[in-house]
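To start, the structure itself, in structure tokens.
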Amino acid sequence: MKFKKMKGNQNLPHTCSRKGYARLEAEMKEESSNPSSISRADVWEKAHTKKNGELANDAVAMKVPSFQSIECKLFRMEEEDIVAEGTWLTDDLNAICNGDKLGLGACKIWVTNAFEPSAKVWKPSNGLRTMEHDKIDSMA
């Protein structure tokens, strides 16, 4: 009963059943002629797409264009080298990122590739300190 209620509250349902994201990503990379081009955004979109090609619902449809928006590169400030790349999501001061408001001067990024997993994030929060941890969350 508890899980049925929780499922009813989900507005971004995935359609990959028990397969999960990791196996879906592995499957997508295996089928791709360029496996390194498969991003987290691609996996998320596929996980929220029905077998007939339609997105799971209108809420999912509104999210997908934001993932296909602005690609960006994240630099280490002191050395000016690229440590990760991702997709810019928002710079709204009131947007929530890892449980905290984004705040002034920050933007929310969905990291798709961390080249330097030990590189520190600009705004640590809720245990997120390095790019390595960002495989789960978006970051500021």
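Of note:
- Checked against the criteria, N98 does not count as surrounded by fewer than 11 Cβ atoms within 10 Å (Cβ to Cβ) and either modelled with pLDDT under 80 or closer than 16 Å to A41 by Cβ (or both).
- For region 1-57, the tally of residues that are loosely packed, with under 10 Cβ neighbours inside 10 Å, of a type in the set (S, T, Y), modelled with pLDDT under 80 and assigned to a loop (DSSP other than H, G, I, E, B) stands at 1.
- Being outside the structural domain of R40 (by TED's automatic domain parsing), under 20 Å from S39 (Cα atoms) and aliphatic (A, V, I, L, M) is a description that does not apply to A106.
- For L89, the criteria (1) at pLDDT 70 or above; (2) buried (at least 17 other Cβ atoms within 10 Å of the Cβ); (3) part of a helix (DSSP H, G or I) hold in every case but one, which is (3).
- Looking only at region 101-140, residues that are at pLDDT 75 or above and either part of a loop (DSSP other than H, G, I, E, B) or of a type in the set (F, W, Y) (or both) come to 13 in all.
The values are calculated or read from the model by the stated rules, or taken from the named source; none is laboratory data. Because the structure is predicted, anything quoted here is derived from the model rather than measured. Cβ sites come from the backbone with ideal geometry, for glycine too, and all protein chains shown count toward neighbours.
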